[in-house]
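One structure is given here, and the rest of the page talks about it.
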Amino acid sequence: MAESAPASTRVEDGATRLDATFLPLSADTLRVRYRLRNGGEAPLAVFDRGNRHAVLTGRQASGALGAPTFEEAGGGDVVLRHVALPEARGGPTGPTVPMTPLALKLDPGAILEGEFTFAIPSATPPGRLRWCLGVAPFERERFFSREQAEAGETWQAGEEAVQAQRMLCTPWFDMAAGSFAAG
């Protein structure tokens, strides 16, 4: 499949604006470029930096964009997510470091730009796809262990920060047509 023309969409939630451009590279591979603007008066935590376990095991560089999770939602639909996952219920899962979410602090008026390419590991290529980005108010007492990275300050998120998260989700994107569903 040859590269298609990219398609763009905008998601707004109060003073937060997410612009996303999808570019199908093949029937099951998508490049996503995004720009998140914090138009509010307080900092935001952006949960696109993966988790501490991935950094400690060398699967991801500190401060780098993490890999999205994916879910086959049925009927050929796939949802990609850059979100903070809640703690595992039932206590420790073994002698490994918990998958503590990492967040980038986005100051008021600041813009974050990112890009990733993802090959959907499903048995059949997806028909429709959407991407969700998790954000939360950056309340200092809910975050710990600040690190300075090229992209900015990254913080480990506590469970209260994860619970305060909201999702900014794109409309459904039709992979074959190369376009977003009308709003």
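Each row is one residue, and each column tells you yes or no for (1) modelled with pLDDT under 90; (2) small (G, A, S).
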residue	(1), (2)
R52	yes, no
L56	yes, no
G66	no, yes
A84	no, yes
P101	no, no
G109	no, yes
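Please indicate, with yes or no, whether at least one residue in the stretch 135-158 is closer than 11 Å to F47 by Cβ, aliphatic (A, V, I, L, M) and in contact with a Pro (Cβ under 6 Å, 6 or more places away or on another chain).
Among the residues of the stretch 135-158, at least one is closer than 11 Å to F47 by Cβ, aliphatic (A, V, I, L, M) and in contact with a Pro (Cβ under 6 Å, 6 or more places away or on another chain), which makes the answer yes.
Please enumerate the residues belonging to the stretch 141-176 that are farther than 24 Å from G14 by Cα and touching a Phe, Trp or Tyr at 6+ places or on another chain (Cβ under 6 Å).
Passing the criteria: R146, Q156.
Restricting to the stretch 5-17, name every residue that is within 18 Å of A182 (Cβ to Cβ) and either open to solvent by less than 30 Å² (accessible area, probe 1.4 Å) or charged (D, E, K, R) (or both).
Restricting attention to the stretch 5-17, the residues satisfying the condition of being within 18 Å of A182 (Cβ to Cβ) are 5-12.
Once the filter is applied, which keeps residues that are within 18 Å of A182 (Cβ to Cβ) and either open to solvent by less than 30 Å² (accessible area, probe 1.4 Å) or charged (D, E, K, R) (or both), the stretch 5-17 yields A7, T9, R10, V11, E12.
Look through the stretch 119-139, keep the residues that are open to solvent by less than 40 Å² (accessible area, probe 1.4 Å) and among the β-branched types (V, I, T), and return whichever of them is farthest from G14 (Cα to Cα). Don't jump to the end; show me each part of the working.
Our first condition is that a residue be open to solvent by less than 40 Å² (accessible area, probe 1.4 Å); within the stretch 119-139, this holds for 120, 122, 126-127, 129, 131-136, 138.
Going one step further and asking which of them are among the β-branched types (V, I, T), we end up with 120, 135.
Details: I120: 31, V135: 12 Å.
Across the stretch 119-139, the extreme among qualifying residues is I120.
Quick one: how many residues across the stretch 139-183 are of a type outside the set (S, T, N, Q) and closer than 23 Å to R31 by Cβ?
Taking the stretch 139-183 and keeping what is of a type outside the set (S, T, N, Q), we get 139-144, 146-147, 149-153, 155, 157-162, 164, 166-169, 171-178, 180-183.
Within this subset, residues satisfying the condition of being closer than 23 Å to R31 by Cβ are 149-152, 167-169, 171-178, 180-183.
Here the count works out to 19.
Does T93 count as β-branched (V, I, T) and at pLDDT below 90?
Yes; evaluated as a whole, the condition is true for this residue.
Taking the stretch 24-33 only, how many residues are modelled with pLDDT of 95 or more and open to solvent by 10 Å² or more (accessible area, probe 1.4 Å)?
2
Which of the residues spanning the stretch 9-38 are without any contact (Cβ under 8 Å) to a residue 40 or more places away in the chain and farther than 22 Å from P121 by Cα?
R10, E12, G14, A15, R17, D19 - these are the residues of the stretch 9-38 that are without any contact (Cβ under 8 Å) to a residue 40 or more places away in the chain and farther than 22 Å from P121 by Cα.
Provide a single number: the residues in the stretch 39-75 that are surrounded by fewer than 21 Cβ atoms within 10 Å (Cβ to Cβ) and among the aliphatic types (A, V, I, L, M).
Counting residues in the stretch 39-75 that are surrounded by fewer than 21 Cβ atoms within 10 Å (Cβ to Cβ) and among the aliphatic types (A, V, I, L, M) gives 8.
Hey, among the residues in the stretch 140-173 that are charged (D, E, K, R) and in a helix (DSSP H, G or I), which one's most open to solvent (accessible area, probe 1.4 Å)?
E141
Among the residues of the stretch 25-54, which ones are under 28 Å from E141 (Cβ atoms), outside any loop (DSSP other than H, G, I, E, B), touching a strand residue (DSSP E or B) at 6+ places or on another chain (Cβ under 7 Å) and not charged (D, E, K, R)? First the steps, then the outcome.
Filtering the stretch 25-54 for residues under 28 Å from E141 (Cβ atoms) gives 36-54.
Checking the rest, the ones that are also outside any loop (DSSP other than H, G, I, E, B) come to 36-38, 44-46, 51-54.
Retained after the next criterion (residues that are touching a strand residue (DSSP E or B) at 6+ places or on another chain (Cβ under 7 Å)): 36-38, 44-46, 51-52.
Residues satisfying the conditions are L36, N38, L44, A45, V46, N51.
The values are calculated or read from the model by the stated rules, or taken from the named source; none is laboratory data. Model, not experiment: these values are computed from the prediction. Note that each Cβ is placed from the backbone with ideal geometry, even for glycine, and that neighbours are counted across all protein chains shown. Areas reflect the complete protein model, heavy atoms only, side chains present, ligands, DNA and RNA absent. Shrake-Rupley method; radii C 1.70, N 1.55, O 1.52, S 1.80 Å.
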